[in-house]
Amino acid sequence: MGLSIDEQKAVDRFRSQVAEPSMTKLVILDFWAEWCGPCKALTPLLEKVAAEYADKGVVLAKVNVDEEQFIASQFQVRSIPTVYALFQGQPVADLTNARSESQLKSMLDQLLAKLPVQAGDAAEPQQDVAPLLAMGEDVLASGDGERAAGIFAQIVDMAPDNVEAISGLIRSLVAAGHIENAEAMLADLPEPLANDPAIERARAALTLAKDRPDDSELEGLRAAAAERPADMDAQLAFANAAFAAGERDTAADTLLKMIEADRAWNEGAARTKLLQIFEVVGLEDPWVAATRRKLSTILFG
């Protein structure tokens, strides 16, 4: 998977302690360190509110940035304390600036009103499909859209409201070339599900697929980018087309070169595009992790 043994262990710990509980609960994820004074001041507040909201489906998870540097880097933590709200494996809000009890409760109330969080200690059926979800993602990453669609369709039958399964099915249909079916699925989603970050990822994948250029157009953009290496517009147009055509390495390399040459160009358009690609591919994908490390080297040395 492109990860070291220690990094894989860190991912496994995060999956079991944070990602899996977040499939049905709203997880307050606190990045902290022993030496951080503000972290120690914030901890009692987070623990108090999490305890009071436990019956509403809120749990607290803590990540020591000194012990889990790889996880902190994946969340691009630059300062601590940093606090996120996670649901179904995805960040849904930045809670870092909620430094009073009333502010934190207000933000949690807003999230709980919008998300299908499972209250109390009820059973967590979505966790039972986690192995199937992982299998579907692996098959999709291998390029077999048809088989992945079959796996995700089975999960949707078992858990009709599982947004990760719905997202996977839509993305698999896109990968298999069934664009109209993917569009129909998106159009039929109810409002709460349609706005979920996982569905946004599927929507972005569909948009990219619809923008896929034909071979002659792609080659024309490739030639223009090669002839005019300093032309940022030509580079960005080629990167967009290359990713839509399935050449993600070429697209990423082009964008990384643009960022290295002028990261501020067009209000950081190259970096923004690369982050969008990360979202479409999946933040836990090994390719994303490797490419993100290249981006970090450029940005931070």
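The values are calculated or read from the model by the stated rules, or taken from the named source; none is laboratory data. Predicted model, so just to flag it, every value in this text is computed and none were measured. Using ideal geometry, Cβ is built from the backbone for each residue, glycine included, and neighbour counts are taken over all protein chains shown. With ligands, DNA and RNA removed, areas are computed over all heavy atoms of the protein, side chains included. Shrake-Rupley method; radii C 1.70, N 1.55, O 1.52, S 1.80 Å.
Scanning the range 273-301 for residues that are touching a residue at least 40 places away in the same chain (Cβ under 8 Å) and outside any helix (DSSP H, G or I) yields Gly282, Leu283, Glu284, Asp285. Inspection of the range 198-210 identifies at least one residue that is outside any loop (DSSP other than H, G, I, E, B), touching a residue at least 60 places away in the same chain (Cβ under 8 Å), within 30 Å of Asn266 (Cα to Cα) and touching a strand residue (DSSP E or B) at 6+ places or on another chain (Cβ under 7 Å).
Of the helices (runs of 4 or more DSSP H) lying entirely inside the range 62-162, not one carries at least 1 residues that are touching a Cys at 6+ places or on another chain (Cβ under 6 Å) and either open to solvent by 30 Å² or more (accessible area, probe 1.4 Å) or at pLDDT below 90 (or both). For the range 174-183, a residue qualifies if it is open to solvent by less than 50 Å² (accessible area, probe 1.4 Å) and either assigned to a helix (DSSP H, G or I) or closer than 16 Å to Glu164 by Cα (or both), and the qualifying residues are Val174, Ile179, Ala182. For the range 76-96, how many residues are free of Cβ contacts under 8 Å to residues at least 24 places away in the same chain and more than 27 Å from Ala130 (Cα to Cα)? Residues in the range 76-96 being free of Cβ contacts under 8 Å to residues at least 24 places away in the same chain and more than 27 Å from Ala130 (Cα to Cα): 3 in total.
The set of residues in the range 2-58 that are of a type in the set (Asp, Glu) and in contact with a Pro (Cβ under 8 Å, 6 or more places away or on another chain) contains only Asp30. Of all residues in the range 1-48, those satisfying the criterion of being over 25 Å from Gln103 (Cα atoms) and of a type in the set (Ser, Thr, Tyr) are Ser4, Ser16.
Number of residues in the range 1-41 that are in a helix (DSSP H, G or I) and open to solvent by 10 Å² or more (accessible area, probe 1.4 Å) equals 19.
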